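A short worksheet on the structure shown next.
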Amino acid sequence: MDKMTAKQKRHKSSKKEKCYDPNDPTLRFVDGDDDMDFLCEDYKSRRALMSCGHSVTPMSLTNWCRYLLDKGESSFVCGQTGCNAVWPFDEVCKMALLTPEEIHYFEDTLFHRVAKDYLDVKSCPGCKSSVIRTELDNLRVCCTICSADKDRTYEFCWQCLKEWRRPSQCTDRCANDGCFNKSLEVLRTCPGAVFRDVKGVAGCPSVRACPTCGFLVEHNKAFCKSLVCPRCKVKFCFVCLKLFEDCLKSSPPYDPCSTGVAPRQTSIPVWRK
Ligand SMILES: [Zn+2]
Ligand SMILES: [Zn+2]
Ligand SMILES: [Zn+2]
Ligand SMILES: [Zn+2]
Ligand SMILES: [Zn+2]
């Protein structure tokens, strides 16, 4: 487990300690150590059990979850070594007796993190506010803040991040100079992949867009055709671009794929969730 940092210590609420209502029948109280009290604060509240069986007090749980958030996590994992339980946010709210301000802070931080990881979020070139793209295959995106400000529809290009000037017939770029899809460029120009023990892979490029989510992945294992996408965690065949389990149905892992080497990709798959 990571040690809490000085920054985290400063975060500790200076407000008065949150304590459980000892008569709350929905809590399972225990005696003994507070398993989440890594700073040895020895909180006065009674200890209660989380769903994973580890004991907490409202303050120790608040501090631990805040620490996780501040260090960039997007889920609340029990801090006890060997316990990998992930607590639902509802449970954290209830057991940490989160105040409305704390809930707001947690939700906000989580939302932005999850949005950044899983949705497409970019800064509008006009007002720098975060915009989430709803039509994942449309480069032309409207900023509602700028539109309201300027009293006209303000649209910008998701790819070159400049104002959208005039219509473009292409679907992979706008009409601004220098607007091109860097990912497609990489897919088009990357060198060939090097495999050691796999047969029938001549011409396979070293970078592929994940067939499920479109994330660009570089081939780094010379030994095997399969690769787990770091973003969507789906395992696919780097050579034929089928899901690996489908590829395996028609060809052994070190033999040529039944449908051969998939050509270089010329579009990026869009993740439909
Ligand atoms: Zn636990
Ligand atoms: Zn804007
Ligand atoms: Zn553009
Ligand atoms: Zn993926
Ligand atoms: Zn394959």
> What number of residues in the range 144-174 are surrounded by 14 or more Cβ atoms within 10 Å (Cβ to Cβ) and of a type in the set (A, V, I, L, M)?
Replying inline: 2
>> Need the failing condition index for Pro88 against (1) within 27 Å of Lys182 (Cα to Cα); (2) of a type outside the set (S, T, N, Q); (3) under 18 Å from the mean Cα position of the chain (by Cα), just the number.
In response: (1)
> Taking interchain pairs and intrachain pairs at least six residues apart, which have beta carbon atoms under 6 angstrom, with the first residue in the range 140-155 and closer than 18 Å to Val121 by Cβ and the second assigned to a helix (DSSP H, G or I)?
Replying inline: Tyr154/Cys146; Tyr154/Ser147
> Quick check: is even one residue across the range 136-154 modelled with pLDDT of 90 or more and acidic (Asp, Glu)?
Replying inline: yes
>> Need the failing condition index for Ser51 against (1) part of a loop (DSSP other than H, G, I, E, B); (2) without any contact (Cβ under 8 Å) to a residue 24 or more places away in the chain, just the number.
In response: (2)
> Can you name the condition, by its number, that Pro252 falls short on among (1) more than 30 Å from Arg140 (Cβ to Cβ); (2) exposed (fewer than 15 other Cβ atoms within 10 Å of the Cβ); (3) at pLDDT 90 or above?
Replying inline: (3)
> Identify, please: which residue in the range 121-153 is assigned to a loop (DSSP other than H, G, I, E, B) and of a type in the set (Asp, Glu) and is, among those, nearest to ligand 5 (Cβ to nearest atom)?
Replying inline: Asp137
>> more than 25 Å from the chain's Cα centre (by Cα) and either on the phi < 0 side of the Ramachandran plot or among the hydroxyl-bearing types (Ser, Thr, Tyr) (or both): which single residue out of Pro230, Pro269, Pro263 fits that description?
In response: Pro263
>> Regarding the range 71-94, can at least one residue be identified that is buried (at least 17 other Cβ atoms within 10 Å of the Cβ), among the aliphatic types (A, V, I, L, M) and in the same structural domain as Arg47 (by TED's automatic domain parsing)?
In response: yes
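The values are calculated or read from the model by the stated rules, or taken from the named source; none is laboratory data. This is a predicted model, so every value here is computed, not measured. All Cβ positions, even for glycine, are placed from backbone atoms using ideal geometry, and neighbour counts span all protein chains on display.
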